[in-house]
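Below you'll find the structure, written out as structure tokens, and then a few comments.
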Amino acid sequence: HTRCLSDWSSDVCSSDLHLQDQFNKIAKELDVNISLDGIPVRSSISCRDENGNDSLLIKSLFCQEAIQRGILFGRGYVMLCYSHSQKDIEKTLEVCEKSMKKVKTAIETESVAKSLKGKVMKPVLTF
């Protein structure tokens, strides 16, 4: 894979490429401005508002919905490792689709802030 970092990580890289490609395909099909960007094995979730600006509010809601379904995403990077199986990745994609649908509904009904049960994520450290 040309997007992979090295041969030693090819299995993990393949899995992450699949996750990125399918995640972004789902987001496009649902017409939500959420994407999984970056290099394999160190990607991050981007959530943008209707003006194309990064939105921690939307990202917070997406992560809340994923966590409620058993997948933990945080503010930072999404890092796959060798122990993540294809079954884990498929479950993650299923959860992401359900979470994106919830976000889409919240955006359409202008209830993103109301739908969030906790606090909005805050930037901790950026480079």
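Residue-wise test of (1) surrounded by 13 or more Cβ atoms within 10 Å (Cβ to Cβ); (2) at pLDDT below 85; (3) of a type in the set (Asp, Glu); (4) within 25 Å of residue 118 (Cα to Cα).
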| position | (1), (2), (3), (4) |
| --- | --- |
| 52 | no, no, no, yes |
| 62 | yes, no, no, yes |
| 66 | yes, no, no, yes |
| 73 | yes, no, no, yes |
| 87 | no, no, no, no |
| 93 | yes, no, no, yes |
Self-check item: Residues of region 21-58 that turn out to be β-branched (Val, Ile, Thr) and under 14 Å from residue 73 (Cβ atoms), as a count
Solution: 3
Exercise. Would you please list the contacts, defined by Cβ atoms under 8 Å and residues six or more apart or on different chains, that run from a residue in region 96-123 that is under 18 Å from residue 27 (Cβ atoms) and open to solvent by 40 Å² or more (accessible area, probe 1.4 Å) to a residue that is among the aliphatic types (A, V, I, L, M) and outside any helix (DSSP H, G or I)?
Key: 104/32; 107/32
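The values are calculated or read from the model by the stated rules, or taken from the named source; none is laboratory data. Quick caveat: nothing in here was measured; it's all calculated off a predicted structure. Don't worry about glycine lacking a Cβ; one is built from the backbone with ideal geometry, like all the others, and counts go over all protein chains shown. Ligands, DNA and RNA are excluded from the accessible area calculation, which covers all protein heavy atoms including side chains. Shrake-Rupley method; radii C 1.70, N 1.55, O 1.52, S 1.80 Å.
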